[in-house]
Amino acid sequence: QFKVTDMESLRGVFSLFDKENTGTILAQDLEAVFLNVGRDPSLASQMLFQLGVDLEHARVSFDDFFQLLVRADQQTEENGLHDVPHFGSPEPDPKVMEFLRLLDEYRKKCEKEGNYIEARKAKFKYEELRAREEYRQKAAIKSGQEQELHNVELAQKMQFLEFSAAWDKYMADYEATAYLSLEKLKERHQQMLQDFQETTRRQLTMKVKFSKELLALRHQEIALAKQKKYVEAQKIKSRADNMEKWELAKMDTEIDETINRKEAKLRHQHQLALQALLKRIQRDRQEQIKHRQADSQRLIQRNKNIRNDLVMKQTIEAKKANLTIRQSLHTSMMADLTVPSSPASALPKTFGRTHSPTGAQRPESNGRMRHTFPVIGRGGNT
């Protein structure tokens, strides 16, 4: 039964191989996941093969992975390797180390008593369990380093997202300010144009002068009216009114033409000012984009350097740790291999032929022994 912390660790390792964040991983990556959680990777391929899964194209969800993991643990317990811890630090597991010590003592006891068959079994079992413990410790180191690297990459990703969000906000504020500046300039131009039209029309209207002929008709009209010659005065008035309408229409046309010419010049000036502002905005926009690209490249390069330094440091640490693990786990057996051979008189009576410490047959290719290991402390011969 897995604890909550174990489930979180399992999900964390599983997510390392879920590159696309789909909640699934490639079936061919399952061995690597098993390796990272301290399990025999060969079990993963065996179970997938038994289930008829296509290793090249199939994907495995976390629930499927967990079921396979439980099944692998059951098979491991059935083969007597349930003492190997699932998770933990890369430090030697006390239970495994104690079991290795008992196995080594039992091997020595069998060797001393001349029970070389049992000594050979103990040696194979010792080597198998030692290899699994070495594999577990190395896998724990690798898993911890991958998690550390994943955390660094995640932090860098969050940092870059914050960087991009800050720049996006800055550029959005810049665009809003630029738009506001354009709108204010257009409003100012519109107000200037309106004031110009009113002022120009008023000034031109004040300068309006009627023709001498019209003025003479008005004087004649007034004189006839004073003389009580109203019929003649009315005729002159009608003639003068028509002439005044014609002259006013002509003056309005001239005023409109003058205003239009001056207004066209003013509009041209406004257009030049607007284009100049647009050029300044575009130039500043390009400068901001260049600054953003430069800052982005610096941030990417700095994060890349941090990651490369971390990978280099992890590589050195892994080499040192792996050397320490091998030395700690191989000390007992290597000490026996360096002991000089005993004289023939010291050999037990049951010794019939020469044996080399390394002359035993290798385990099967899958790393498992098919026999049942005898109970420790049971005795020499079986």
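Shape verdict for segment 214-342, please, from the Cα gyration tensor: rounded (a/c under 1.5), prolate (a/b greater than b/c) or oblate. It comes out prolate by the Cα gyration axes. With the simple model of a label 7 Å out from the Cα in the direction of the Cβ, Asp256 to Glu153 spans 7.5 nm.
Peptides 173-182, 217-226: what's the order by average Cβ count within 10 Å, highest mean first?
On the way: 173-182: 12.4, 217-226: 15.4.
With the highest mean Cβ count within 10 Å placed first, the list reads 217-226, 173-182.
Which parts of segment 248-282 would a label at Leu182 reach, counting a residue when its backbone N lies under 15 Å from a point 7 Å out along Cα-to-Cβ? Hits in segment 248-282 for Leu182 at 15 Å: 271-282. In this calculation the C-beta distance from Gln46 to Glu287 is compared with R0 = 41 Å, giving a FRET efficiency of 0.10. Largest accessible area first, the listed residues His57, His189, His150, His268 line up as His57, His268, His150, His189 when surface is computed with a 1.4 Å probe on the assembled protein chains.
The heavy atoms of Asp168 offer some 80 square angstrom of accessible surface to a 1.4 angstrom probe. Does segment 148-204 come out rounded, prolate or oblate, given a ≥ b ≥ c as the square roots of the eigenvalues of its C-alpha gyration tensor, rounded meaning a/c under 1.5 and, failing that, prolate meaning a/b above b/c? Taking the square roots of the gyration eigenvalues as a ≥ b ≥ c, segment 148-204 is prolate.
Is the C-alpha gyration tensor of segment 93-136 telling us rounded, prolate or oblate? Criteria: a/c under 1.5 is rounded; beyond that, a/b larger than b/c is prolate, otherwise oblate. Oblate is the answer for segment 93-136, as a/c is 1.5 or above yet b/c matches or exceeds a/b.
The values are calculated or read from the model by the stated rules, or taken from the named source; none is laboratory data. Worth saying up front: this structure is predicted, and the values here are computed from it rather than measured. Cβ: placed from backbone, ideal geometry, glycine included. Neighbour counts: every protein chain shown. Just so you know, the surface numbers come from the protein's heavy atoms only, side chains and all, with ligands and any DNA or RNA stripped out. Shrake-Rupley method; radii C 1.70, N 1.55, O 1.52, S 1.80 Å.
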